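Please read the structure below before turning to the comments.
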Amino acid sequence: MTKNNSYRYLLLIIAILITLTAFASTDDTVEIMAIGYGNTLEEATDNAIKHSLELATGILVRSYSSLDSSLTIDASGLVYTEEFKENILTFSRAYIKDYEITSISELSGMVELTIIANVRLKALEATMLRNRIGIKDFQGDKLLALFEANTQTVENAAKLTEAILNDFDTPKGFWRIGEITTSIVSTYDENAVLEVTVDLEPDVESFKGLINELSEVLDIVASKQITQTMKLEQADSWLRVELSSLINDQDCRYVVRVLEERNDRKISLKTYFFSAKDDIEYSVWEQFKKHVDSIRSYEFLLTLKDEMGSILFNSDLKNLAQGGLLLNAPGLGMIYTGQKSNQVIIAPAPLYIEPGILKINVQPQRLVWRISINKELLKKAKRISVDF
């Protein structure tokens, strides 16, 4: 068996392990309260976020122990391993959907704060298994039986790619809600018109977490990989590059390009080439294309709550276009074009394809809605949230 084939069979085993975890948890997120300490507010917040991940990991570990008594798992030492720190804590915010600071105080010159974090449980769980975190031993005969019963290496390599894209909610996971501002613009009868402005910000750490996971698969499967750096032209709020400037390969016409770095009107793209002649390579590339095709629209949910946390009002906000960004198109961080090559391009920024041109939006995305709300309900409202 060649080294490359050994890697591909390893992908199969990992994919099987991921499939088995469907029984371990059913919720996308879990709410965790955690405390963090630090010399600054930022440091304390970062430590609280990492602590919330450690607690969420303990929940997952305990769920595996209850499902299969054959697993011997050490939850107490799990979160301190170097492998865990490298693969989870480095991209800690990638696994946090959102969080709220509930208290801040000083203790012996240190900042102490408490947060309530919504942890992306499925993404954390999948990363644990892909890196085989926390499992000290397993029943090899059962694993071997599963391996022999699933010889479809091609199918499982594609499923692993699909799992990673879904775990990180690609491309929605590249974004987070920033500042929310409100104002009353008019009233009529018993209603008021509330204007809500939301800053949609790139979540670079979540993007890096996704790419870290994908690279473990793509570096093995793709025929070859290169990094290309080029200058971009500025046009209003867009950076432009000709598709003909992007390096292609005559033998591998299926391409995935990932943004590595952007600054001073320069861009670096990590490019993976896939051959249609290799079933494994083509199936993995095809999974990217299917994922892009599945993106139909983006919806925001606005919620008003009273001081007790009860919901007073909520509304779906759809079909929004702002500053050249069409939210009913798949350009919010992941896009496909058949020009020059069959290409899927991934970046934590709005993307747009014109004939022969790739455009990357660099303008902060400020989204504005106006909604009509009953005045009496509005008087009781103490908290507003926007979920994306």
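The values are calculated or read from the model by the stated rules, or taken from the named source; none is laboratory data. Since the model is a prediction, treat every value here as computed from it, not as a measurement. Reconstructed Cβ throughout: ideal geometry from the backbone, glycine too, with neighbour counts over all protein chains shown. Calculation scope for accessible area: heavy atoms of the full protein, side chains included, ligands and nucleic acids excluded. Shrake-Rupley method; radii C 1.70, N 1.55, O 1.52, S 1.80 Å.
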Quick check: at a probe of 1.4 Å, how many percent of the accessible area of the range 201-296 sits on carbon and sulfur atoms? 40 percent
Please report the spacing between the Cα centers of the range 219-248 and the range 163-203 in Å, no decimals. 30 Å
Just to confirm, what accessible area per residue do you get for the range 239-311 at 1.4 Å probe, in whole Å²? 51 Å²
Between their Cα atoms, which of LYS172/LYS359; LYS208/LYS305; LYS224/LYS289; LYS172/LYS379; LYS97/LYS224; LYS50/LYS379 are more than 30 Å away from each other? LYS208/LYS305; LYS172/LYS379; LYS97/LYS224; LYS50/LYS379
Prolate/oblate/rounded call for the range 205-249, Cα gyration tensor, a/c under 1.5 rounded: oblate
For TYR352, tell me the accessible area in Å² from a 1.4 Å probe, rounded to the nearest 10. 100 Å²
Per-residue counts of other Cβ atoms within 10 Å, averaged by peptide: what ranking do you get for 46-56, 299-309, 29-39, 357-367, highest first? 46-56, 357-367, 29-39, 299-309
For the range 183-340, what class follows from the C-alpha gyration tensor (a ≥ b ≥ c being the square roots of its eigenvalues): rounded when a/c is under 1.5, otherwise prolate if a/b is larger than b/c, else oblate? prolate
By the Cα gyration tensor axes a ≥ b ≥ c (a/c under 1.5 gives rounded; else a/b larger than b/c gives prolate, otherwise oblate), the shape of the range 212-305 is oblate
